[in-house]
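So the structure is just underneath, and the comments pick up after that.
The values are calculated or read from the model by the stated rules, or taken from the named source; none is laboratory data. Small disclaimer: the values here were computed from a predicted structure and weren't measured. Cβ: placed from backbone, ideal geometry, glycine included. Neighbour counts: every protein chain shown. These area figures cover heavy atoms from the full protein model, side chains too; ligands, DNA and RNA do not enter into them. Shrake-Rupley method; radii C 1.70, N 1.55, O 1.52, S 1.80 Å.
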Amino acid sequence: QSIVGSKSLLQLYTSEISREAENKAHLEKLIEIALNQDAFYLLYMPLYRASSNKIVGVEALLRCSLPELYSLSPEVYVSVAEETGLIRDIDLMVIEKALTDFSNFELYEDLTLSINISSKELLDTSFVGHFEERVLKSGVSFEKICLEITETFLLDIDCTCINTLNEIRGMGCKVSLDDFGTGYTSFQHLINFPADEIKIDKGFISGIKSDQGYSVIVDSLFLIADTYQYNIVAEGVETKEIYDFLVDKGCDVFQGYFISKPIPLEGVVLLNNKIDKDGL
Ligand code: C2E
Ligand code: MG
Ligand code: MG
Ligand code: MG
């Protein structure tokens, strides 16, 4: 009986794996179609600075107009693209689109532009050249740009990664360590990572009020940021309660639904006017 049992379990397991593979292959095809049809576009998540009471930057977030991908989180197809190598085309496409949107926007002088790239790019020695070429073509100054890297693959950060990060910073761009606090980054790791900014993940932020222990961790994070001169951005701030808590802790830059959902770049004008008039 146990043999029968394990056989059916095995069958279940193999069919699960093949379904997953099918799903991945399907997504891969859709990503290729989207790239070919130019179906990807960007929305922008505002960065709000409390001490100046205004939007000081935007983060480009990938969206896709293909019906099959429209309602999927970019996280899903970005991770498939990372496995298949398509991520390189996506990242360069996003960089190009973001720079074009940004340089055409009337208020871009007042804003910084954050772009997410896969940490896989850090292992690609040709990435920096491609990036630099696109920035020079756009006329946007390097100082306005911040590249955000999620910690997932950085567990075994090596020399190539560090070199790439230092090259990016050498051009004048900022580097941000995205999604800090829920993934793999240890404090040791943080200290060795050549970044200008740390973004505290929304998973961490949303837990703040329900757990007293968070308060202590937030304090140590700000202490480290102070010592190692990282800017801190709190991401995924959804309520006034959490916003106030973080302001109290000395946090100055915020992203999240409490400030705004991702919007078209032009929406920043309206948002700034509204904040100016009514506050947050
Ligand atoms: P991320 O870079 O950490 O982006 C923040 C994500 O959190 C965005 O989801 C944003 O819409 C969401 N978010 C921000 N504030 C709130 C909030 O208050 N509440 C809630 N519920 N969500 C909030 P999105 O756009 O689905 O992106 C997910 C992830 O996909 C990004 O995480 C990033 O890792 C990746 N991604 C997005 N765009 C790109 C891109 O152009 N290139 C690459 N390589 N990855 C991208
Ligand atoms: Mg990001
Ligand atoms: Mg992320
Ligand atoms: Mg994040």
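In this structure, the amide hydrogen of residue 145, modeled 1.01 Å from its nitrogen in the peptide plane, lies closer than 5 angstrom to those of 113, 174, counting only residues at least 5 positions away or on a different chain. When the helices of the chain are scored as -39500 (n - 2.57) per DSSP H run of n ≥ 4 and the total is divided over every residue, the value at 222 nm lands at -16000 deg cm²/dmol. Residue-wise HN-Hα couplings along region 200-213, as the Karplus relation 6.51 cos²θ - 1.76 cosθ + 1.60 with θ = phi - 60° gives them from phi, are 7, 5, 5, x, 6, 4, 5, x, 3, 6, 8, 9, 4, x Hz; Gly and Pro carry x. Note down the net charge around residue 97, summing +1 for each Lys or Arg and -1 for each Asp or Glu among other residues with Cβ under 14 Å from its Cβ. With Lys, Arg at +1 and Asp, Glu at -1, the net is -3.
For residue 202, a cut-off of 16 angstrom between C-alpha atoms picks up these lysines, skipping any fewer than 8 places away in its own chain: 240, 261. Working from label points 7 Å from Cα in the Cα-to-Cβ sense, the residue 136 to residue 96 distance is 1.7 nm. Rounded to whole numbers, the Karplus 3J(HN,Hα) couplings from phi for region 222-232 are 5, 5, 4, 4, 5, 5, 9, 6, 9, 7, 10 Hz, using 6.51 cos²θ - 1.76 cosθ + 1.60 with θ = phi - 60°, and x at Gly and Pro. When the charge dipole of the chain is built from unit charges on Cβ atoms (+1 for Lys and Arg, -1 for Asp and Glu) and taken about the Cα centre, the candidate among 243, 192, 114 whose Cα reaches farthest toward its positive end is 243.
Measuring against 18 Å, Cα to Cα, the residue pairs 209/277; 54/209; 199/277; 144/174; 54/274; 209/249 contain 209/277; 54/209; 199/277 as the ones spanning a longer distance.
Computed from point charges on the beta carbon alone (+1 for Lys and Arg, -1 for Asp and Glu), the dipole magnitude for the chain about its Cα centre is near 400 Debye. Within the chain, DSSP assigns beta bridges of which about 35% are antiparallel (rounded to the nearest 5).
Heads up, I need the accessible area for residue 72: 1.4 angstrom probe, whole protein in place, Å², nearest 10. Counting only protein heavy atoms, the figure is 60 Å². When all protein chains stay in place and ligands, DNA and RNA are ignored, the 1.4 Å accessible-area order of 189, 26, 130, largest first, is 26, 130, 189. Rounded to the nearest whole Hz, the Karplus-based 3J(HN,Hα) values (6.51 cos²θ - 1.76 cosθ + 1.60, θ = phi - 60°) of region 164-179 follow the sequence 4, 4, 5, 5, 4, 5, x, 6, x, 6, 8, 10, 10, 8, 7, 6, with x at glycine and proline. For the chain, the per residue solvent-accessible surface stands at 52 Å², with DNA, RNA and ligands left out and a 1.4 Å probe. What is the percent carbon and sulfur in the accessible area of the chain, measuring with a 1.4 Å probe over the protein chains and ignoring ligands? Carbon-and-sulfur percentage of accessible area, whole number: 52.
If you plug the beta carbon distance of residue 79 and residue 273 into 1/(1 + (r/R0)^6) with R0 = 30 Å, you get a FRET efficiency near 0.20.
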